[in-house]
Each structure stands twice: as C-alpha cells, then as structure tokens.
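Each remark here refers to the structure printed beneath this line.
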Amino acid sequence: MPEPEQPENAVYPLETVFLLNKEEILQYVSAEKFPETAVAVPAEVMGTYRDLYLLTGITVYNKEKLLMDESGLTMPLELADLSKLRPEEIKFHYHAGSKPEMKFSMRTITVNS
C-alpha cells in the first residue's frame, strides 16, 4: 500500500487536550492527576497523514512562547503510525508529581499490511 502524500500543511490540529495554568494547578495538583480528555480522530486524517503526534506549546511569560521543537518540553510525541493503526479516539491524562508526564490510550482499528 503506497504511503499517503503529505498535504502542503502537514499539521492538522485536532483539539487542545491540556491547558496548565495557575487555576488548573490549584484545582488538581493535590490529586496529581488532571481530568481526562478524549479526542476523536476524524476519518479524513487517516488517508491524508502518515503519523499522529501530540504537539506542545508553552507560554512562559506573557507573550514569550516556546513553540514546537524549541525545547525538550515541546518536542512532538509520536502517538501512532497511521499506516499500521487507525485511532478512533485518544484519551489523554496529565499526571503531576515528581515525574510529570502526559499519558494516553487509544481505541484503534488495526490496518492489514
């Protein structure tokens, strides 16, 4: 099966899955686990894009921003190779604590090679 041709704009934003600000920290940090966010993956993404990534942007202060690939914190996290998996939905959980991380799980359809 030939790989799909990447569109000119190779980024297709789905949704904001997590926002961390002072209010969110005060509300959830004692639990060390923030609310889950579920994101549906539209079918048109499957035939057009090769990979699915979690992208991160950080506003440090006022309008000072760290954009994608400008820091280790904003490196894209590969979620799926769309030639092998077809995610229908991805659930994200941000875990705080001594080793904070974004965890995710997917409901997928396996693609036959």
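ALA96: under 16 Å from PRO13 (Cα atoms) and hydrophobic (A, V, I, L, M, F, W, C), yes or no? No.
Where strands (runs of 3 or more DSSP E) fall entirely within the stretch 6-82, none has at least 1 residues that are touching a Cys at 6+ places or on another chain (Cβ under 9 Å) and either loosely packed, with under 11 Cβ neighbours inside 10 Å or on the phi > 0 side of the Ramachandran plot (or both).
Inspect the stretch 42-55 for any residue being of a type outside the set (Asp, Glu) and free of Cβ contacts under 8 Å to residues at least 12 places away in the same chain and give the result as yes or no. Yes.
Being aromatic (Phe, Trp, Tyr) and in contact (Cβ under 8 Å) with a residue 60 or more places away in the chain is a condition met by at least one residue of the stretch 90-97. Of all the numbered requirements in (1) at pLDDT 90 or above; (2) assigned to a loop (DSSP other than H, G, I, E, B), GLU88 misses one, and that requirement is (2).
The values are calculated or read from the model by the stated rules, or taken from the named source; none is laboratory data. If you're wondering where the values come from, they're calculated on a predicted model, not measured in any experiment. Every residue, glycine among them, receives a Cβ derived from its backbone with ideal geometry; neighbour counts consider all protein chains shown.
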